[in-house]
Amino acid sequence: METEKYYYKIGEVADMLGVNPSLIRFWEREFPSIKPKKNRRGNRVFTESDIEELKKIYNLVKMQGHTLEGAKRILKNNKNPNSKELEIEEKLLKLRGFLAEIKNQFPA
């Protein structure tokens with residue numbers, strides 16, 4: 001049985017998105033909708049809703065090629081941009097991870 005996490009470290013979120021933690025910190029400064037909490041040590045901890053918002057930003061900036069200003073405008077005007085595309089992308093990323101796990105189980 002897999003337990004669901006409520007909070008994720010910045011490194012975990014970066015791995016989910018396939019980006020560097022520094023990009024997530026940059027997006028946190030640029031997009032007011034990203035407000036991770038901080039634990040007792042001062043480390044950022046992200047909730048599922050934070051991760052969903054980061055996925056939207058990733059999709060708009062990295063996949064669709066919008067500028068940061070364009071992405072901000074889209075997010076401001078439409079709280080749920082391309083939700084179907086995001087859902088498909090998430091499923092493909094999970095499949096990619098699964099296939100990578102299988103590949104790693106076989107010697108090269």
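The values are calculated or read from the model by the stated rules, or taken from the named source; none is laboratory data. Every value quoted in this text rests on a predicted model; they were computed, and no experiment measured them. Positions of Cβ are generated from backbone atoms using ideal geometry, with glycine treated the same way; all protein chains shown enter the neighbour counts.
At a glance:
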quantity: Failed criterion for Pro81 (all others in (1) surrounded by fewer than 18 Cβ atoms within 10 Å (Cβ to Cβ); (2) at pLDDT 85 or above; (3) assigned to a loop (DSSP other than H, G, I, E, B); (4) in contact with a helix residue (DSSP H, G or I) (Cβ under 7 Å, 6 or more places away or on another chain) hold); calculated: (2)
quantity: Tally of residues being more than 19 Å from Gly11 (Cα to Cα) and either β-branched (Val, Ile, Thr) or surrounded by fewer than 12 Cβ atoms within 10 Å (Cβ to Cβ) (or both) across segment 29-42; calculated: 1
quantity: Qualifying residue in segment 4-18 (condition: hydroxyl-bearing (Ser, Thr, Tyr), touching a Leu at 6+ places or on another chain (Cβ under 7 Å) and at pLDDT 90 or above); calculated: no
quantity: Residue, surrounded by the most Cβ atoms within 10 Å (Cβ to Cβ), within segment 43-71, restricted to residues that are among the charged types (D, E, K, R) and part of a helix (DSSP H, G or I); calculated: Lys56
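Okay, residues lined up against (1) closer than 22 Å to Asp50 by Cα; (2) modelled with pLDDT of 70 or more; (3) not charged (D, E, K, R):
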{"residue": "Met63", "(1), (2), (3)": "yes, yes, yes"}
{"residue": "Ala71", "(1), (2), (3)": "yes, yes, yes"}
{"residue": "Leu75", "(1), (2), (3)": "yes, yes, yes"}
{"residue": "Glu87", "(1), (2), (3)": "yes, no, no"}
{"residue": "Glu90", "(1), (2), (3)": "yes, no, no"}
{"residue": "Phe98", "(1), (2), (3)": "no, yes, yes"}
{"residue": "Lys103", "(1), (2), (3)": "no, yes, no"}
{"residue": "Phe106", "(1), (2), (3)": "no, yes, yes"}
